[in-house]
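Novice: Handing you this structure, nothing more for now.
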Amino acid sequence: MFNNKKILIALTLYLTSLFASNTLGLKLMPFVFGTHLSVAIFFFPFVYITTDVIAQVYGKKLAKDFVFAGFLSILVFLLYTFISQITPWSADGSWAKDAYNTIFGISVRMSIASLLAYVIGEYQDVWTFIFFKTKTGGKMFWLTSNLSNIWSQFLDAYIFMLVAFIGIYSWHTIIFAGLAWWIYKVVMGFLYTPLSYIYIYWLKKGNESSTN
């Protein structure tokens, strides 16, 4: 039997990390060799970690349900954003207009790029994780999770870069910007691996009927 309360908490962490990445991730911080890094790097690994952990403990079906929940949440959020953008401003609130429009005025193309990258990357992560889990007998989570993460994060990075920026930036810029973002996310996912084991232990505790 599934522990519904723990699953609800895991889903909350998953969706919160997803929305934090898509909103707070607008902030860039300086990184090595004059490059820049989105603060989303601290939140986004929890998105992929959570689906891997859920797949490890409860199986593929529930992990795919998490991805679907994230997909619907993004769609609804985009609808809400569109509504908020087309409604008029009152005079008393106009002091925040420019900053508000800058932060939430995401173009349709960028929104589509983000949504496509998320859905394809996340579903591939679940599928790849299950594939490697089967090959390893479910006994090497750290390896299974990071192998699936390498592939899915590659898809996520380059689908977003291609859909969002092809025809705007040169191929050279797209390739190297995507490469940097992919490496950053893979490294952070690897560093977060110990948290995954704590996550798995917490979900399994008192739940011997979970899928292994």
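Novice: Compute the distance in nm between two label points, each set 7 Å from the Cα along the Cα-to-Cβ direction, one at Thr87 and one at Phe19.
Specialist: 1.6
Novice: Hey, with R₀ at 30 Å, roughly what FRET efficiency would Tyr100 and Val39 work out to, going by the Cβ-Cβ distance, to 0.05?
Specialist: With a Förster radius of 30 Å, E is 0.95.
Novice: Further, regarding this structure: Given points 7 Å out from each Cα along the Cα-Cβ axis, report the Phe190 to Leu28 separation in nanometres with one decimal.
Specialist: Rounded to a tenth, the inter-label distance reads 2.5 nm.
Novice: Then there's this: Could you list the residues of region 59-84 with an amide nitrogen less than 14 Å from a label point located 7 Å from the Cα of Ile112 in the Cα-to-C-beta direction?
Specialist: Under cut-off, by backbone N: nothing.
Novice: Which value, in Å³ per residue, describes the convex hull spanned by the Cα atoms of the chain?
Specialist: It is 138 Å³ per residue.
Novice: Next up: Of the listed pairs Lys64/Lys204; Lys133/Lys205; Lys5/Lys97; Lys6/Lys135; Lys6/Lys139, which have alpha-carbon separations greater than 30 Å here? Mind showing how you got there, number by number?
Specialist: Working: Lys64/Lys204 19 Å; Lys133/Lys205 21 Å; Lys5/Lys97 40 Å; Lys6/Lys135 28 Å; Lys6/Lys139 23 Å.
Pairs exceeding the cut-off: Lys5/Lys97.
Novice: So, one more: Could you give the size of the charge dipole of the chain about its Cα centre, using +1 on the Cβ of each K and R and -1 on the Cβ of each D and E, expressed in debye and rounded to the nearest 20? Walk me through the intermediate numbers first.
Specialist: Numbers: 14 positive and 8 negative charges, 118 e Å.
For this selection, approximately 560 debye.
Novice: Using packing as a proxy for protection, rank 143-156, 45-58, 111-124, 74-87 so that the peptide with the highest average count of other Cβ atoms within 10 Å comes first. Intermediate values should be presented prior to the final figure.
Specialist: Values: 143-156: 21.6, 45-58: 25.7, 111-124: 19.1, 74-87: 12.1.
The packing order, highest mean first, is 45-58, 143-156, 111-124, 74-87.
Computed from the coordinates by the stated procedures, all read-outs in this text should not be read as laboratory data. Please read all numbers here as calculations on a predicted model, not as lab measurements. In this analysis, Cβ positions are derived from the backbone assuming ideal geometry, glycine residues included, and neighbour counts consider all displayed protein chains.
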